[in-house]
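Remarks on the structure that follows.
The values are calculated or read from the model by the stated rules, or taken from the named source; none is laboratory data. Not measured: the values here are computed from a predicted model. Note: ideal-geometry Cβ built from the backbone for every residue, glycine included; neighbour counts use all protein chains shown.
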Amino acid sequence: MTTPHTSPAPASSAADARFATPEGRQDFWRATFSCWLGTAMEYADFALYGLAAGIVFGDVFFPQATPAMALLASFATWSVGFLARPLGALFFGWLGDRRGRKVVMVSTIILMGLSTTLIGLIPSYAAIGLWAPLLLVLLRFSQGFGAGAELSGGTVMLGEYAPARRRGLVSSVIALGSNSGTLLASLVWLAVVQMDQQSLLEWGWRIPFLSSAVIALVALWLRRQLRETPVFEQQKAQLQAERAAVVSQPAPAARRSFWQRSRAFWVMVGLRIGENGPSYLAQGFIIGYVAKVLMVDKSVPTSAVFIASLLGFLIIPLAGWLSDRFGRRITYRIFCLLLMVYAFPAFMLLDSREPAIVIPVIVVGMGLASLGIFGVQAAWGVELFGVRHRYTKMAVAKELGSILSGGTAPLIAAALLSWTGHWWPIALYFMVMAGIGFFTTFVAPETRGRDLNLPEDAV
């Protein structure tokens, strides 16, 4: 096992060299804004869907089901998007490692933007019957296929642009994008839920989905102007030089064990489970649980998401800075531990149905899982993998972890609630997923400051 990389990469790294020039700094800021906006769109789409699934989709697409079963059906369509994500990650990751990061970033924003806009145009169950939920499932799958590479693509691009000593802080911009998208979605929904129930169900819920087209068009325009990352450009030049060189007997590649070849992949899966599962329970299932099961006014959970999103602009960069200062492992470990402690008290407090209690509970859950821990994960994920297969490995590992946690967490939680009629199995489920992330940090390498042009994974 090699010694973990704990010191910053030298100033001669590809990203630092380009950042030292005026043109390089301009490229950096353009890429940063583009990655932020694209990730904001992805998470706005998913937050819109999560809020819609918890608040109105049961009535619009599954009107004949009981409230608990309608919630279950709504989150079943939610999970379809996550099943599509690893397929998108595999396809677009392969494309990104061979053709470059930019071509994928342009493709995914088109696919996601179109899918989300079309969701807002689906007729209701009352108008076209079973075709309504079927179309919802189809577009949700298409949305997930593009999203499978969007988050990882932005993370890789920003990590490969960032100066090594500030990689944690800069990479946390990806999490700021997710937070911005959640904030935007909660703002729009906060306005929409003020409508009377009939208007909300007939046409009001469509407004957030249709308005996402504006973000997609702006992000597409920005990404068409992007330059390829300095790390990928250096890797591409090196590969071309190797092909041009005449080598009669190339040196045999060092033999590595299966664990050495796959360790970074499975570490990323474990870290992702510890973040993504609790995150989607906090900002997905709990919203529906509070609004549809506890029958708290719909504006209460929506307000909580809004407040948490505002606080995220402080929590996320702080988490990224802490990971630069103290290391990725210890910072991530503390967030996971706090989530494990949070689980049972959170559901006990939600049962009070008091807005003054419910709102802080949701805010704390999102602050830990959806914001803080995510701010650390961005740089760590990029540094775990070697340059040759970074996009593919990270994207697939993240989406596999997402399927095993976030993609199915609201569905499993809704099923547990329907079968047991109580919250304690859900709290236990929450704690187990956070625990997986916690224990993964003990087998994960410390990668702070690692040279991103190294060909092998960090083991």
Considering only residues that are out of contact with any Lys or Arg (no Cβ under 7 Å at 6 or more places or on another chain) and surrounded by fewer than 23 Cβ atoms within 10 Å (Cβ to Cβ), look in the range 427-439 and name the one that is nearest to Arg272 (Cα to Cα).
Ile436
Which residues, taken from the range 388-424, are surrounded by fewer than 24 Cβ atoms within 10 Å (Cβ to Cβ) and part of a loop (DSSP other than H, G, I, E, B)?
Arg388, His389, Thr408, Gly421, His422, Trp423
Log entry, pairs with first residue in the range 282-297 being more than 14 Å from Ile359 (Cβ to Cβ), second being outside any helix (DSSP H, G or I) and among the charged types (D, E, K, R), beta carbons closer than 8 Å, six or more apart or on different chains, reads Met295/Arg353
Number of the exception - Arg223 against (1) part of a helix (DSSP H, G or I); (2) surrounded by fewer than 19 Cβ atoms within 10 Å (Cβ to Cβ); (3) among the charged types (D, E, K, R):
(2)
Test result for Pro22, farther than 30 Å from Arg325 by Cα and modelled with pLDDT of 65 or more:
no
Given the condition without any contact (Cβ under 8 Å) to a residue 12 or more places away in the chain and closer than 26 Å to Gly168 by Cα, answer yes or no: does some residue in the range 353-364 qualify?
no
Among the candidates Ile436, Ile362, single out the residue that is in a helix (DSSP H, G or I), over 19 Å from Val296 (Cα atoms) and β-branched (Val, Ile, Thr).
Ile436
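Scanning for something in a helix (DSSP H, G or I), of a type outside the set (A, V, I, L, M), in contact with a helix residue (DSSP H, G or I) (Cβ under 6 Å, 6 or more places away or on another chain) and buried (at least 19 other Cβ atoms within 10 Å of the Cβ), does the range 315-322 turn up at least one residue?
yes
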Considering (1) of a type outside the set (Val, Ile, Thr); (2) crowded, with 18+ Cβ neighbours inside 10 Å; (3) at pLDDT 80 or above, say which one Leu121 fails and leave the rest.
(2)
Small (Gly, Ala, Ser), in contact with a Pro (Cβ under 9 Å, 6 or more places away or on another chain) and at pLDDT 90 or above: is that true of Ala343 in this structure?
yes
In the list Trp203, Trp221, which residue meets the criterion of being over 20 Å from Thr32 (Cα atoms) and of a type outside the set (Lys, Arg)?
Trp203
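Condition check: surrounded by fewer than 24 Cβ atoms within 10 Å (Cβ to Cβ) and over 30 Å from Asp297 (Cβ atoms). Does Arg328 satisfy that?
No; evaluated as a whole, the condition is false for this residue.
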If you check every pair at least six apart or on different chains, which have Cβ atoms under 6 Å apart with a residue in the range 157-183 that is among the aromatic types (Phe, Trp, Tyr) first and a residue that is in a helix (DSSP H, G or I) and modelled with pLDDT of 80 or more second?
Tyr161/Phe28; Tyr161/Ala31
For residues that are among the hydrophobic types (A, V, I, L, M, F, W, C) and surrounded by fewer than 24 Cβ atoms within 10 Å (Cβ to Cβ), tally how many sit in the range 363-386.
2
Out of the range 280-301, which residues are surrounded by fewer than 24 Cβ atoms within 10 Å (Cβ to Cβ) and assigned to a helix (DSSP H, G or I)?
Tyr289, Ala291, Lys292, Val293, Ser299, Val300
Sole residue being without any contact (Cβ under 8 Å) to a residue 60 or more places away in the chain and either buried (at least 24 other Cβ atoms within 10 Å of the Cβ) or not charged (D, E, K, R) (or both), chosen from Leu83, Leu135:
Leu135
Do we find a residue being under 30 Å from Val382 (Cβ atoms), surrounded by fewer than 23 Cβ atoms within 10 Å (Cβ to Cβ), over 18 Å from the mean Cα position of the chain (by Cα) and not hydroxyl-bearing (Ser, Thr, Tyr) anywhere in the range 139-160?
no
Please work out if Leu169 is among the hydrophobic types (A, V, I, L, M, F, W, C) and in contact with an Asp or Glu (Cβ under 8 Å, 6 or more places away or on another chain).
yes
So which of Gly159, Gly153 ends up being within 18 Å of Ala216 (Cα to Cα) and assigned to a helix (DSSP H, G or I)?
Gly153
Options Gln198, Gln194, Gln143: the member that is closer than 30 Å to Ile307 by Cβ and outside any helix (DSSP H, G or I):
Gln194
